[in-house]
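Derivation of every value follows stated rules applied to the coordinates shown; laboratory data play no part. Owing to the predicted nature of the structure, the values given are computational and were not obtained by experimental measurement. Counting neighbours? That spans all protein chains shown, and the Cβs are built from the backbone with ideal geometry, glycine included.
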Amino acid sequence: MPKGTNAYNVQVTDTFPDSEQTYIVGSATKNGVPITPIVSGGTVTFPVIPHIDATVDSVDIIYSFDVRVINGTHVSPYIEDQINKAKVKWDIDISGTPAISVSTSAKLEVRTPHLRGLKEQRNVTRGGIFTKRGINYTVGDIIEYRISITNDGAETAFNSVITDKLDSLLLLNLGSITTTHGTATETGGIITWNIPILNAGETATLMFSVTTLPGVAAGGSIPDTASFIYSTNNNGFEVTYGPDKTNTVRLRAPKVKIDKSASLTEGEIGDDITYTITITVPDGTIAYTPLVEDILPIGQVYIGPATRQEPPNPPVTVVPTISGQTITFPINSDIDATAGQRTIVYTFVARIVDATHNPPFYEIQTNISRVKWAIVSGGSFKRQREDKIDIVARTPNITILKEQKNFTNGGSYTTESISGLPEDLIYYRLKVTSNGASPAYNINIQDIISNDLTFISIISGPTDGSVVLSGNVLKWNIPQLDVGI
């Protein structure tokens with residue numbers, strides 16, 4: 001109060017943000033002497049002073065109280081201004097005439113930490129580099145993991161705890177855990193990493209390696225994600241954030257392999273083809289209820305028989321289901337290759353029954369084999385692989401050229417019309433050419449001689465096959481005519 005004045009019914013109130021701060025009971029004082037204000041929500045109301053006499057000299061009255069920060073923004077840049085407002089009101093005379101109240105405020109800058117985590121992996125056995133993407137592996141490979149925790153907030157993070165639960169198909173390699181901050185231990189397949197203090201802007205790193213174990217589903221994956229919590233302080237009144245998670249990395253197990261082969265890659269209508277389908281379940285994996293199918297091309301039909309063999313055991317005859325061009329073999333029980341790679345071989349016979357008869361008189365007929373399997377016991381098919389083989393299916397084609405000449409008149413062979421008189425000798429010539437993509441077999445040609453003509457004899461040939469005359473019909477049979485002849 002300024003010198004030379006009086007104030008009546010003086011009251012001081014203070015308002016703090018009660019969603020971010022809390023009043024500490026017993027902390028209020030007036031000029032260093034404990035006092036008990038009324039606290040409601042975020043408002044602290046101090047007792048009314050009936051009269052302050054400052055006529056002789058100025059009077060200073062100091063109020064104080066403590067609050068504890070209980071919250072702050074957790075959104076970048078992780079800094080928040082929390083405003084505290086104080087107000088004093090009084091009367092200017094004993095009769096209660098109010099004065100104009102006075103207010104002031106103070107700003108408290110509250111900072112919070114924020115952690116983000118990054119999980120990476122690499123295949124040490126294959127010489128890989130760290131990546132957050134999925135990577136391939138085979139059972140027995142050594143995988144190294146790296147977890148990076150960065151404090152990109154505005155304040156120190158206290159008592160950070162990072163937890164990584166290893167899959168049962170991963171075995172921690174003893175002595176492989178290293179950290180740049182804090183300490184890490186493993187118990188029961190769970191790695192726990194404690195970081196007492198991580199300053200703003202710092203990054204802490206944990207590295208460890210595992211050995212992959214057998215028992216994974218073929219084509220399955222092993223995910224790994226770390227989680228973490230951290231606090232704003234270590235005084236027992238801190239705010240703890242989390243659990244938050246790192247990204248997830250995945251190890252991709254090898255898939256079932258399928259290979260398709262055929263007893264021939266070029267054939268003709270009527271040829272039989274023995275197809276072989278080889279299924280390989282990789283070492284250390286399990287293929288659940290694999291199903292093998294084969295899709296024949298249009299132009300081929302299933303003849304059979306079909307067999308299934310797991311070497312070194314002998315082949316066993318199986319009866320597939322035929323639906324259109326699809327051959328479905330009996331479904332397998334789970335194929336467990338945890339003790340070593342397993343190979344299943346299917347064979348069956350198909351026949352080429354049709355192909356194009358247009359130039360160039362051959363076509364590509366594609367045969368597709370497919371294997372489908374589940375990645376959990378009793379599950380539906382989730383993985384599929386296929387292989388295919390092309391068969392060149394060829395067809396024969398022949399052309400026939402018939403020519404004539406009037407031998408009596410000394411003419412030349414022609415395909416045009418000629419003239420002749422009774423008793424003239426007419427020579428005929430037949431040329432058969434194989435211009436298809438495969439030999440022509442059992443060619444039968446008939447030439448019907450007009451009743452106005454009398455057959456005399458064969459002049460020459462045939463160059464292939466044999467000719468017989470039956471009545472007025474000349475019959476020429478060629479057992480085989482190779483391409484180009």
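Brief remarks follow.
- Computed over the stretch 257-394, the quotient of the alpha carbon radius of gyration and 2.2 N^0.38 Å is 1.12.
- Taking a Cβ cut-off of under 13 Å around Tyr8, the surrounding Lys, Arg, Asp and Glu residues balance to a net charge of -2, with basic ones at +1 and acidic ones at -1.
- In this simple spin-label model, placing a label point 7 Å from the Cα along the Cα-to-Cβ direction at both Asp272 and Arg351 gives a separation of 0.9 nm.
- Full-stretch length increase - Ser457, Glu238 - with 0.36 nm per residue and alpha-carbon distance subtracted: 66.8 nm
- Highest mean first, the peptides 277-289, 363-375, 308-320 sorted by other C-beta atoms within 10 Å per residue fall in the order 277-289, 363-375, 308-320.
- Label of the coordinate-derived value, Kirkwood radius over Cα pairs in Å, listed as (i) 33.1; (ii) 23.9; (iii) 25.5: (i)
- In the stretch 379-485, lysine pairs with alpha-carbon atoms under 27 angstrom apart (chain gap of 8 or more, or interchain): 5
- Here the extension length gained between Glu310 and Asn444 equals 43.3 nm, from 0.36 nm per residue of separation less the Cα-Cα distance.
- For Ser105 and Lys132, the FRET efficiency from 1/(1 + (r/R0)^6), where r spans their Cβ atoms and R0 equals 56 Å, is about 0.75.
- Estimated dipole of the chain in Debye, rounded to 20 [Cβ of Lys and Arg +1, of Asp and Glu -1, Cα centre]: 340
- Positive-end ranking of Gly41, Val10, Phe65 along the dipole of the chain, with charges on Cβ about the Cα centre, is headed by Phe65.
- Set of aspartates and glutamates with alpha-carbon distance to Lys87 below 16 Å, sequence-local pairs under 8 removed: Asp14, Asp60
- Taking amide H as placed 1.01 Å from N in the peptide plane, the amide H of Val353 sits under 5 Å from that of Gly270, Gln300, Val301, each at least 5 places away or on another chain.
- Put simply, when 28-34, 472-478 are sorted by average Cβ atoms within 10 angstrom per residue, most first, you get 472-478, 28-34.
- Contact order relative to length of the chain, as percent, for alpha carbon pairs under 8 angstrom and 6 or more apart: 9
- Dipole-positive endmost among Thr280, Asn313, Thr356 within the stretch 257-394 (Cβ charges, Cα centre): Thr280
- Neighbour-count order for Leu170, Leu296, Leu213, fewest beta carbons within 10 angstrom listed first: Leu213, Leu170, Leu296
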